[in-house]
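Where a number appears in this text, it was derived from the coordinates with a stated rule and is not lab data. In this text, all values refer to a predicted model and were calculated from it rather than measured experimentally. Virtual Cβ from ideal backbone geometry, glycine too; neighbours counted across all protein chains shown.
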4 protein chains.
Amino acid sequence: MRTLDPVKHAEKRGEILLAAWRCLAKTGFRGTSTADICKEAGISPGHLYHYFDSKEAIVTALTARGLEGAEAGFTEMMKSSNALAAMISELDRHKTRHKTDKHGDYRTISLVVLEMLVEAGRNPAIAKIIRANTRKIKSLLVEFLKTGQERGQIDPKLDADVAATLLLSVMDGMKTIGIREPKSDPARNIEYLQILISRFLSPP
Amino acid sequence: MRTLDPVKHAEKRGEILLAAWRCLAKTGFRGTSTADICKEAGISPGHLYHYFDSKEAIVTALTARGLEGAEAGFTEMMKSSNALAAMISELDRHKTRHKTDKHGDYRTISLVVLEMLVEAGRNPAIAKIIRANTRKIKSLLVEFLKTGQERGQIDPKLDADVAATLLLSVMDGMKTIGIREPKSDPARNIEYLQILISRFLSPP
Amino acid sequence: MRTLDPVKHAEKRGEILLAAWRCLAKTGFRGTSTADICKEAGISPGHLYHYFDSKEAIVTALTARGLEGAEAGFTEMMKSSNALAAMISELDRHKTRHKTDKHGDYRTISLVVLEMLVEAGRNPAIAKIIRANTRKIKSLLVEFLKTGQERGQIDPKLDADVAATLLLSVMDGMKTIGIREPKSDPARNIEYLQILISRFLSPP
Amino acid sequence: MRTLDPVKHAEKRGEILLAAWRCLAKTGFRGTSTADICKEAGISPGHLYHYFDSKEAIVTALTARGLEGAEAGFTEMMKSSNALAAMISELDRHKTRHKTDKHGDYRTISLVVLEMLVEAGRNPAIAKIIRANTRKIKSLLVEFLKTGQERGQIDPKLDADVAATLLLSVMDGMKTIGIREPKSDPARNIEYLQILISRFLSPP
DNA sequence: CATGAATGAGCATTCATTCAT
DNA sequence: GATGAATGAATGCTCATTCAT
């Protein structure tokens, strides 16, 4: 995998990963073949293996990259002085982020993330990445909750660690709404999610 | 002495579905071939098609059957006089249901249900079943919430429909914990889930 | 294959053959499965083998039965005193026989007969039947031609045997018109066929 | 040094088609599997699909290619100044062409062409090709007949279009002789075919 | 006679991966 | 770096046939 120009190599890897993401969003893990990815990336099937050892390596890299974004949001939240308000307003961004961005609309992204989670249930390599990422996000969340508790904004009786686990799982759960009830209003659901989180965390 | 016995036919179908479920639990939707199901069911590859029209018909039947169970629990809840308490105690059953039953342990079942949801994201036939089931469960839940509101046990300001959607999604979300944090204590998580639901629904 | 009532046995065989013919007409040799025949005949797959040893036995019996009809027409012709006129008027019947009868319309029958001929090209059992039938028809035709020659109605210089072979092949050839030119007018084609035969056989 | 070489690709396609033709000649449309073709062509089962989209695409290409040859003969005829004589002498070539050439002996070719016609009776894609080819050949034949009529070599009362249809069908009919009467003398039959055509077309 | 459960070889096709150029 | 030819195991599915009842 040595290359004369490691920068170009990494760039090309990035392009292929982006192409792979587009395929995954369109046809899912199951429905995406290496041939599809090659066509989308505009390279030959043999050439794919110059950049990745296997299809799994692509999925692995994609998962890793996909989760990096999630971290950023949480890191941002940390800086706020009012923990609860910050978390709530962070969710507001989701209300408007239903339009397409580079990675597709919110529902598509949700589906792919769910697919990644399911994949992790069978595939140890993916599971490892998911867990490492979960640990990072959770530690940010725990710290965030503890700060809120110190400031009297969050119920001090809650175990920050368990509460963080639950909050994360609640966020995951939101991703199934688009599947179960495709016609329900996302803005309304997020509004209620804000209420739910607020009531759960608020001191009595 | 005409047999024709539709009972035996249905029984065999059931056996095959159970075998298919075992395969799914072991290797997932993606990883299960018709050959695997046949081997597990102890029948020949051709014979499978005596009972099901296609692999998708098996998956469809399996999904339908798998979701029937979920309904029962909700129907039971309805009978209680204290809505919130009923929902909470229903969750208590989950704390102990982590041991193996006919369908495998709780985590395996969760994973398979998640796979069904993901499958529904790409496969309209499965989506239809999921949505029909969601509608049923949700209407039970809505009725349940409204009864609670009438009795003053649940916050009357909450829109029962949106709250039901959210509660369902929270339940789905719980299924990812086993993937993200396999070592976290299920009993503790459910305890906090009870707090979360209780605080969300209680009147102020 | 012994049966208590050989008459009923033969009757049932006939019914099955008729059902098989209907399948063949609809979906062709290639496209007809034993299951199709059983469904059409209203019997179970196992029962088929009570009446026929194999699928090939059905095809064989069907071919034999199908060709019996062709003989009748030629036998009728023989009785006429004017050979050429008889042959020509026999063809007139074809002009009107394009409507459906028990065996389907003319084009469908033609296609099935062509399929039988093609089948004979690979399948010795069918070939044997076809050849036996050809011999019978041809001997009728040869006799017919010779009678015509004696009566001065047919060119005496023609070798009756070779001429008969050619006439038979010309009749076979007519069966491809429906495939090559489905929109051409059958009545017009038969009219020209009459001219062709008349000119070929007439004394100079 | 980009290859991409479409020439080699086309060559390989040709090789596979030739192998497919050999299989068809040996075991017929019905009896030829993609595995047979691959074995005959010396390639792996997967590789076949690098050159053809499906088995039907092979059959289609084969049919198209197989019929191209027929055109050439007719085109040649057109150049002659004596229409009838040209057609007759063209048939003479068939007398000697009974030995094997690249595509097998005359009888095998006839059988495969008959199979193509039968296939066309059920398979619209093949039918389309057959009909396009029929139109081409027929228009050549019609022009040929009209030229002959202008020169007084062919009966001017004959409708060139209907006569062409009939002549084509007569040619098709010749292909069944090898099946019905494998022992009959091809040279003798063609001799009589020449008489038949000559008498049919000659002016009174 | 009659059923339909059961078989297993065979089919067209897909796809991750390798390799010569 | 880059191509696309080539592989071969695997997949979902069909079908003529057998057999216990």
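Pick out which of C:Asp92, C:Asp172, C:Asp53 has the largest mean-square fluctuation in a Gaussian network model of chain C, springs linking Cα atoms closer than 10 Å.
C:Asp53
Sequence gap at least 6, Cα distance under 8 Å: using those rules, report the relative contact order of chain B to the nearest whole percent.
Values: 154 pairs, mean separation 43.9, N = 204.
Value for chain B: 22 percent.
Specify which residue in the list D:Phe200, D:Ser110, D:Ile154 is farthest towards the positive end of the charge dipole of the stretch D:82-204, using unit charges on the beta carbon of Lys, Arg (+1) and Asp, Glu (-1), about the Cα centre.
Highest projection toward the positive end goes to D:Ser110.
Taking 29 Å as the cut-off for C-alpha to C-alpha distance, list the pairs among A:Lys26/A:Lys55; A:Lys55/B:Lys55; A:Lys183/B:Lys12; A:Lys26/D:Lys39; A:Lys136/B:Lys136; C:Lys39/D:Lys183 that go past it.
The pairs that break the limit, which is 29 Å between Cα atoms, are A:Lys183/B:Lys12; A:Lys26/D:Lys39; A:Lys136/B:Lys136; C:Lys39/D:Lys183.
Which residue in chain C puts its Cβ closest to the axis that rotates chain C onto chain A, and at what distance in whole Å?
Reported as residue, whole Å: C:Gly31, 15.
For D:Ser184 and B:His9, what is the calculated FRET efficiency with R₀ set at 45 Å and r taken between the beta-carbons, to the nearest 0.05? Could the numbers behind the result be given before it?
On the way: r = 57 Å, r/R0 = 1.27.
E between D:Ser184 and B:His9, to the nearest 0.05, is 0.20.
Can you run phi through the Karplus equation (6.51, -1.76, 1.60; θ = phi - 60°) for the stretch A:187-193 and list ³J(HN,Hα) in whole Hz, with x for Gly and Pro?
For the stretch A:187-193, the Karplus-derived couplings read 4, 4, 4, 5, 4, 5, 4 Hz, x marking Gly and Pro.
What does the C-alpha gyration tensor say about the overall shape of the protein assembly as shown? Classify as rounded when a/c is under 1.5, otherwise prolate if a/b is larger than b/c, or oblate.
Values: a/c = 3.49, a/b = 2.35, b/c = 1.49.
Judged from the Cα gyration tensor, the protein assembly as shown comes out prolate (a/c at least 1.5, a/b above b/c).
Suppose the chain between A:Ala125 and A:Arg65 were pulled fully straight at 0.36 nm per residue; how much longer would it get relative to their current alpha carbon spacing?
Here the segment from A:Ala125 to A:Arg65 would lengthen by 20.2 nm.
Only loop residues by DSSP count here, and only those with at most 16 other Cβ atoms within 10 Å; note down the trypsin sites (Lys or Arg not before Pro) in the stretch B:137-204 that meet that. Walk me through the intermediate numbers first.
On the way: sites: B:Lys138, B:Lys146, B:Arg151, B:Lys157, B:Lys175, B:Arg180, B:Lys183, B:Arg188, B:Arg199; in loops: B:Arg151, B:Lys157, B:Lys175, B:Lys183.
When the trypsin sites (Lys or Arg not before Pro) of the stretch B:137-204 are filtered for loop state and at most 16 Cβ neighbours within 10 Å, B:Arg151, B:Lys157, B:Lys183 remain.
Pulled fully out, how much extra length does the chain show between D:Thr75 and D:His50, if you take 0.36 nm times their separation in residues and subtract their Cα-Cα distance?
Length gained between D:Thr75 and D:His50: 5.5 nm.
Just checking the output field for D:177-189: average partner chain Cβ neighbours within 10 Å of each residue's Cβ? Show your work: numbers first, answer last.
Details: counts 6, 2, 13, 14, 10, 3, 1, 6, 2, 0, 0, 5, 4.
Averaged over the peptide's residues, the number is 5.
Take peptide B:25-37, look around each residue's Cβ out to 10 angstrom, count Cβ atoms belonging to other protein chains, and average those counts. Provide the component values of the computation, followed by the final result.
Details: counts 0, 1, 1, 6, 3, 8, 2, 0, 0, 0, 0, 0, 0.
Average neighbour count from other chains, rounded to a whole number: 2.
Can you give me the angle between helix C:83-96 and the longest principal axis of chain C, using Cα atoms only, in degrees from 0 to 90, rounded to the nearest 10?
50
With a/c under 1.5 counting as rounded, go ahead and sort the stretch A:1-52 into rounded, prolate or oblate using the C-alpha gyration tensor (a ≥ b ≥ c being the square roots of the eigenvalues; past the cut-off, prolate if a/b is larger than b/c, else oblate). All intermediate terms of the calculation are to be shown ahead of the outcome.
Numbers: a/c = 2.74, a/b = 1.97, b/c = 1.39.
Cα axes put the stretch A:1-52 in the prolate bin.
Given only helices, namely DSSP H runs of n ≥ 4 each adding -39500 (n - 2.57), what is the per-residue ellipticity at 222 nm of chain D, to the nearest 500 deg cm²/dmol?
-24500 deg cm²/dmol
What are the distances, in nm and sorted shortest first, from the label point of C:Arg131 to the label points of the same position in each other copy, with each label point placed 7 Å from Cα along the Cα-to-Cβ direction?
Reported distances to equivalent positions: 3.8, 6.5, 7.6 nm.
Suppose you put the label 7 Å out from Cα in the Cβ direction; list, shortest first and in nm with one decimal, how far D:Asp185 is from each other copy's label.
Copy-to-copy label distances at D:Asp185, shortest first: 4.2, 9.5, 10.5 nm.
Tell me, how many Å apart are the Cα centres for the stretch D:20-86 and for the stretch A:184-204?
Each part's Cα centre sits 69 Å from the other's.
State to the nearest 20 debye the size of the charge dipole of chain C about its Cα centre, where the only charges are +1 on K and R beta carbons and -1 on D and E beta carbons.
Details: 31 positive and 25 negative charges, 52 e Å.
Its charge dipole is roughly 260 debye.
Is the shape of the stretch C:56-201 rounded, prolate or oblate, going by the alpha carbon gyration tensor and its root eigenvalues a ≥ b ≥ c, with a/c under 1.5 for rounded and a/b larger than b/c for prolate?
Since a/c reaches 1.5 but b/c is at least a/b, the shape of the stretch C:56-201 is classed as oblate.
Pick out, from D:Ala35, B:Trp21, D:Met77, the residue whose Cα sits farthest towards the positive end of the charge dipole of the protein assembly as shown, with +1 on the Cβ of Lys and Arg and -1 on the Cβ of Asp and Glu.
D:Ala35
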